[in-house]
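Following: one structure in structure tokens, then a few remarks.
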Amino acid sequence: MQKKFTKNTTLDKILELKGTEEVLGKNGVPCVTCPYMAMEMNKLKIGDICKTYNLKLDKILKELNA
């Protein structure tokens with residue numbers, strides 16, 4: 001069973017699941033293409049990213065958890 005993603009889930013955990021990169025990119029999460037992501041993805045929480053870039057956290061979590 002897949003673990004549910006929350007606002008505190010880090011990018012490295014999200015990207016472990018196939019197809020999640022597409023969901024993030026489609027929703028405008030810039031960290032997916034950022035060259036510094038590789039160094040920080042184990043610290044970047046999806047909730048913090050959404051707050052910083054004014055993205056719709058609820059929508060993104062719903063799609064990731066579908």
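In the range 13-66, what residues are among the polar types (S, T, N, Q) and either surrounded by 12 or more Cβ atoms within 10 Å (Cβ to Cβ) or in contact (Cβ under 8 Å) with a residue 12 or more places away in the chain (or both)?
Narrowing the range 13-66 to residues among the polar types (S, T, N, Q): 20, 27, 33, 42, 52, 54, 65.
Scanning the range 13-66 gives Thr20, Asn27, Asn42, Asn65.
Please work out which residue is surrounded by the most Cβ atoms within 10 Å (Cβ to Cβ), limiting yourself to the range 2-12 and to residues that are closer than 19 Å to Thr52 by Cα and out of contact with any Lys or Arg (no Cβ under 6 Å at 6 or more places or on another chain).
As a first pass, look at the range 2-12 and keep what is closer than 19 Å to Thr52 by Cα: 5-12.
Subsequent filtering for residues that are out of contact with any Lys or Arg (no Cβ under 6 Å at 6 or more places or on another chain) retains 5-7, 9, 11-12.
Details: Phe5: 20, Thr6: 13, Lys7: 15, Thr9: 18, Leu11: 23, Asp12: 14.
Result: Leu11.
Is it true that some residue in the range 49-63 is part of a loop (DSSP other than H, G, I, E, B) and under 10 Å from the mean Cα position of the chain (by Cα)? I'd like the intermediate steps shown before the answer.
Applying the first criterion (part of a loop (DSSP other than H, G, I, E, B)) to the range 49-63 yields 54-56.
Narrowing further to those that are under 10 Å from the mean Cα position of the chain (by Cα): none.
Checked against the condition, which is being part of a loop (DSSP other than H, G, I, E, B) and under 10 Å from the mean Cα position of the chain (by Cα), the range 49-63 yields no hits at all.
Exactly one condition in (1) closer than 17 Å to Lys3 by Cα; (2) out of contact with any strand residue (DSSP E or B) (no Cβ under 8 Å at 6 or more places or on another chain) is false for Lys45; which is it?
(2)
We did not get these values from a lab; they are worked out from the coordinates using the rules stated. Quick caveat, the model's predicted, so the values are computed rather than measured. FYI the Cβ positions are ideal-geometry reconstructions off the backbone, even for glycines, and counts take in every protein chain you see.
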